[in-house]
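The values are calculated or read from the model by the stated rules, or taken from the named source; none is laboratory data. Given the structure is predicted, the values throughout are model-derived calculations rather than measurements. For neighbour counting, all protein chains shown are included, and Cβ atoms are generated from backbone atoms with ideal geometry for every residue, glycine included.
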Amino acid sequence: MTFLGLGGHELGLFMLASLVLNATPGVDLLLTVSRTLQGGARAGAAAAAGIALGCGLHALAAAFGLASLLAVLPLAFVALQWAGAAYLLWLAFGLARRAWRGPAAPDPAAVPTVRGAGADFRSGLLTNVLNPKMALFFLAFLPQFIGADVADKTQAFLALGFVFVVQSLLFLLVLVALVARLRPRHGSPRAARALQAVGAALFAALAWRLLAARAS
């Protein structure tokens, strides 16, 4: 049994390795859990969909050579790293500000505002797209599962990228469902502020890690 020239054994190993990578804590997993805890299953699913689209764009870019271009143009890679770190710091600042101020006093005359799914989708997309390591990850990870005898390597590359994106999306959606079940329906303001503070610290730490990796 083959999948676009890839043997079932290679495909099985690829899916297993992808599952381990998806379960490894990182920006995508953190953002999905954070948005689910704060906004519920709808917010988490929207963020997961944005992350999946970002992964798909990175897979396409890597397949058609953008990752190779980033590898040989250090300035472009550094610019993307700075942009990704800046976006993470912006998210951290927003969470820290909300945690410091606390929830505003309810105004009976005010119309309640709810963060739309589009904002969560964009957050997931931008955190993924502005991480140049994702493009290099696809360039380094996918070819290991493509044999030298595969006739159309670009097609195989795109097929594995598609499998990875779909598997990542399914994993994140299952994670959203599990976290949403554990999420209290009416959390206390203190718990919400603590969650926002922890999220801010984690996003800031991830931004610092990204910049530290750039420096090294």
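Key figures
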item	result
In the stretch 35-47, the residues that are of a type in the set (Ser, Thr, Tyr) and under 12 Å from the mean Cα position of the chain (by Cα)	none
Qualifying residues in the stretch 153-196 (those that are at pLDDT 70 or above, over 30 Å from Leu60 (Cα atoms) and aliphatic (A, V, I, L, M)) - the one surrounded by the fewest Cβ atoms within 10 Å (Cβ to Cβ)	Leu182
In the stretch 32-88, residue modelled with the highest pLDDT [restricted to those that are of a type in the set (Phe, Trp, Tyr) and in a helix (DSSP H, G or I)]	Trp82
Qualifying residue in the stretch 128-150 (condition: assigned to a helix (DSSP H, G or I), of a type in the set (Val, Ile, Thr), modelled with pLDDT of 85 or more and surrounded by fewer than 16 Cβ atoms within 10 Å (Cβ to Cβ))	no
Within the stretch 24-43, tally of residues that are under 14 Å from Ser168 (Cβ atoms) and surrounded by 24 or more Cβ atoms within 10 Å (Cβ to Cβ)	4
